Amino acid sequence: MFRNFKAVEKTAYGRGSFDRLGEILAPHRNTGAGYLIFFVDEYFSGNEEFKARIPLAGKDHLEYIPVAEEPTTELIDTLRDTYLNTYGLPAGVVGIGGGSVLDVAKAISLMFTNEGSSTQYQGLNLIKKPGIYACGVPTISGTGAEVSMTAVLTGPEKKLGLKCDWTVLNQIVLDPDLIATVPDNQWFYTGMDNYIHCVESMTGRFKNTFSEAFGYKSLEMSKQVFLELDRKDPKSDEMLMVASYMGGLSLTYSEVGVCHALSYGLSMVLHIHHGLANCIAFKELEDVYGDYVQEFNTMVEKHHIDLPKNLAAGWSDETIEAMVDVAIRLEHMWNHAFGENWREVLDRDRIKNWYKRM
Ligand code: NAD
Ligand code: ZN
């Protein structure tokens with residue numbers, strides 16, 4: 001197997017590092033029309049204290065991003081057209097938020113230099129030119145979007161990333177102080193995204209020593225966070241933030257599996273958010289992920305997480321078929337989970353049965 005991936009160029013880590021963002025960005029302000037756009041999770045809108053810490057200068061813009069829905073190709077195209085037509089090409093973009101906002105920053109950085117709609121570029125290596133400078137500041141941990149080479153977008157036809165070397169952020173700022181305010185349920189769902197990334201990355205045919213090294217360490221830290229430490233222990237947020245980073249790297253060198261394929265169906269058809277959709281799917285996958293599912297259930301109980309049950313009772317046959325359509329097309333995930341002869345162990349009925357158990 002041959003893999004040759006690009007990494008994030010610069011990583012700032014540590015409590016308080018968010019307040020160094022101004023000096024980090026200073027050398028990157030002068031290209032294009034000489035301004036930066038800060039895309040910030042709408043959770044922070046109205047928080048003047050937080051706003052004052054964002055190093056806005058000169059012609060910069062601050063754009064709050066709604067995250068009730070996962071980012072769409074339409075959102076990216078509209079934002080890109082508006083900024084380009086009104087203010088010209090920015091020098092760079094900064095995403096401050098969760099996986100949703102980081103993906104917005106990554107995708108729009110590419111779409112500022114690649115013509116047409118972002119729907120054309122959903123897939124592997126379809127992007128034609130490098131994007132503009134992009135920096136990411138996670139405020140919730142688990143997706144690994146801070147290090148991954150994909151920017152996941154929901155389009156009219158599919159939920160799929162713009163995936164290539166140029167998608168990788170130039171700079172990330174990992175400040176564990178920023179994730180302290182995440183509500184417990186969301187902390188758990190997104191944290192479990194990372195746990196599941198590691199399990200899937202380490203249990204399929206594309207696993208290798210590189211992905212396993214990151215995956216084992218990330219899983220160990222994840223278990224400490226969700227099974228041993230109190231969330232108020234300062235170590236907890238620090239470990240979760242670094243675990244997300246390492247889980248993302250594990251995934252980059254391997255692949256996601258069954259849970260993510262099913263989860264994409266739930267998100268695409270029913271608009272269930274990624275972390276929660278993963279949790280809904282993972283608990284039904286004991287036939288694939290065995291003891292990991294039991295361990296996941298222990299974490300659910302420990303944190304009194306109320307995962308929705310009997311959802312399938314409210315789903316029509318058409319809804320389930322639509323989710324199967326989305327999932328079955330994700331061939332690279334099935335190939336990773338079950339090997340290249342995956343069609344011998346997987347058909348529409350097996351996928352349907354997983355959905356029916358949810
Ligand atoms: P998110 O970005 O959608 O945010 C979840 C919720 O947490 C939102 O309500 C948000 O406002 C809130 N939030 C964020 N930071 C907060 C803070 N500090 N305090 C309080 N609330 C805060 O959630 P996510 O799970 O990080 O990201 C999910 C998205 O990431 C999906 O769109 C998914 O497709 C994508 N994703 C991308 C990758 C990748 O490699 N690019 C990997 C996995 C998932
Ligand atoms: Zn994920």
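Look at the Cα gyration tensor of region 184-357: its axes a ≥ b ≥ c give a/c of at least 1.5 with a/b at or below b/c, and that counts as oblate. Fully extending the segment from THR209 to ALA57, taken as 0.36 nm per residue of separation minus the present Cα-Cα distance, adds 50.2 nm.
For LEU174, the residues whose amide H sits under 5 Å from its own are ALA12, TYR13, GLY14, ignoring neighbours fewer than 5 places away on the same chain, with H placed 1.01 Å from N. Near GLY161, once Lys and Arg are set to +1 and Asp and Glu to -1 for all other residues with Cβ below 12 Å from its Cβ, the sum equals +2. Bridge orientation summary for the chain: considering DSSP beta bridges with both residues in this region, about 15 percent are antiparallel.
Over the chain, Cα pairs under 8 Å with separation of 6+ residues give a relative contact order of 15 percent. Computed extension gain for LEU89 through GLU220, at 0.36 nm per residue and net of the alpha carbon distance, reaches 42.8 nm.
Remark: the chain carries a charge dipole of roughly 760 debye about the Cα centre, counting +1 on each Lys and Arg Cβ and -1 on each Asp and Glu Cβ.
Excluding GLU321 itself, calculate the net charge of residues whose Cβ lies under 11 Å from the Cβ of GLU321, where each Lys or Arg counts +1 and each Asp or Glu counts -1. Computed value for this residue: -1. Taking the dipole about the Cα centre of the chain, with the C-beta of Lys and Arg at +1 and of Asp and Glu at -1, give me whichever of THR298, SER316, THR86 is farthest to the positive side. Of the options given, the answer is THR86. Placing +1 on the Cβ of every Lys and Arg and -1 on the Cβ of every Asp and Glu, with no other charges, gives region 10-178 a dipole of roughly 540 debye about its Cα centre. When DSSP beta bridges are restricted to pairs lying wholly in region 10-178, around 15% turn out antiparallel. Amide H contacts for THR72 (H built 1.01 Å from N in the peptide plane; partners 5 or more residues away or on another chain; cut-off under 5 Å): THR154. Loop-resident chymotrypsin sites (Phe, Trp or Tyr not before Pro) (DSSP state other than H, G, I, E or B) in region 1-45 with no more than 10 further Cβ atoms inside 10 Å of their Cβ: PHE2. Taking amide H as placed 1.01 Å from N in the peptide plane, ILE65 has its amide H under 5 Å from the amide H of VAL40, ASP41, GLU42, each at least 5 places away in sequence or on another chain. A DSSP coil position with no more than 11 other Cβ atoms inside 10 Å describes the following GluC sites (Glu not before Pro) in region 267-342: GLU340.
From the largest down, region 10-178 spans 40, 34, 30 angstrom on the principal axes of its Cα atoms.
Shown in residue order for region 227-239 are the 3J(HN,Hα) couplings computed by the Karplus curve 6.51 cos²θ - 1.76 cosθ + 1.60 at θ = phi - 60°: 10, 10, 7, 7, 4, 6, 5, x, 4, 4, 5, 4, 5 Hz (x for Gly and Pro). Other residues whose C-beta falls under 9 angstrom from the C-beta of PRO138 contribute a net charge of -2, scoring Lys and Arg +1 and Asp and Glu -1. Computed from backbone phi with θ = phi - 60° and the Karplus coefficients 6.51, -1.76 and 1.60, the 3J(HN,Hα) list for region 49-54 is 5, 5, 4, 5, 8, 7 Hz; x is used for glycine and proline. Take the chain with all the other protein chains still there, run a 1.4 Å probe, and you get 42 Å² of accessible area per residue.
Label sites at ALA33 and HIS271, each approximated as a point 7 angstrom past Cα along Cα to Cβ, lie 3.1 nm apart.
More than 40 angstrom separation, counting every C-alpha pair in the chain; what % is that? So the pairs more than 40 Å apart make up 10 percent of the total in the chain. Among the GluC sites (Glu not before Pro) within region 60-103, those in coil by DSSP and having at most 16 neighbouring Cβ atoms inside 10 Å are GLU69.
The values are calculated or read from the model by the stated rules, or taken from the named source; none is laboratory data. Everything quoted here is computed from the prediction, not taken from an experiment. As a convention, Cβ positions derive from the backbone with ideal geometry for all residues, glycine included, and neighbour counts pool all protein chains shown. Please note that ligands, DNA and RNA were not included when accessible areas were found on the heavy atoms of the full protein model with its side chains. Shrake-Rupley method; radii C 1.70, N 1.55, O 1.52, S 1.80 Å.
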